[in-house]
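Take a look at the structure below.
Values in this text are rule-based calculations from the coordinates and carry no lab data. All figures in this text were calculated on a predicted structure; none of them were measured in a lab.
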Amino acid sequence: MDEDREFALESRLTNHGCYLREAAVDDDAYHVTYQSAAADANGEIPHQQVGDVVNDFRKLFDRRDWPVRSVEATVTDLNDDPLGSWRAERSWFVALADGDLTEVEFSERLLDSLETVQR
């Protein structure tokens, strides 16, 4: 991921108490690792925060002309200990934009993708 795109993503995530640690992109997906202050405090990944991060990507796809790709995220606490991961498939973003998937259905798929690390 180039520096301009990484900065655009990082500045948006920071608004939600998420601190970007790594960002990469390949032909199929954006791969991000971020620290979560809320997850650190609660010991779990907050669903609302996952939604906030996904909505940031949707805005970048829509307003900044980022290519729509899947998003694969790893969430850590503030000590960089992994708490879990989640993903949003490219096809979900496309179906949502085309009206073939509702916001609720999209959110259900997103939350179903959430995997937590057993501590």
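Calculate for the chain the 222 nm mean residue ellipticity that helices alone would give, adding -39,500 (n - 2.57) per DSSP H run of length 4 or more and normalising by residue count, nearest 500 deg cm²/dmol. All intermediate terms of the calculation are to be shown ahead of the outcome.
Numbers: 5 runs with 54 residues, N = 119.
Helices in the chain give a 222 nm mean residue ellipticity of -13500 deg cm²/dmol.
Can you give me the convex hull volume of the Cα atoms of region 26-87, divided per residue and expressed in Å³? The partial results should precede the final answer.
Numbers: hull volume 4.8 nm³, N = 62.
So the per-residue Cα hull volume is 78 Å³.
What number in nm² do you get for region 3-113 if you take the convex hull of its Cα atoms and divide its surface by four?
Details: hull surface 26.0 nm².
If you wrap the Cα atoms of region 3-113 in a convex hull and average its projections, you get 6.5 nm².
I need to check one value: relative contact order of the chain, counting alpha carbon pairs closer than 8 Å and at least 6 residues apart, in percent.
Values: 174 pairs, mean separation 25.6, N = 119.
Value for the chain: 22 percent.
Can you run phi through the Karplus equation (6.51, -1.76, 1.60; θ = phi - 60°) for region 29-43 and list ³J(HN,Hα) in whole Hz, with x for Gly and Pro?
Computed from phi, the couplings for region 29-43 are 8, 8, 10, 10, 10, 9, 7, 10, 5, 5, 5, 4, 6, 9, x Hz.
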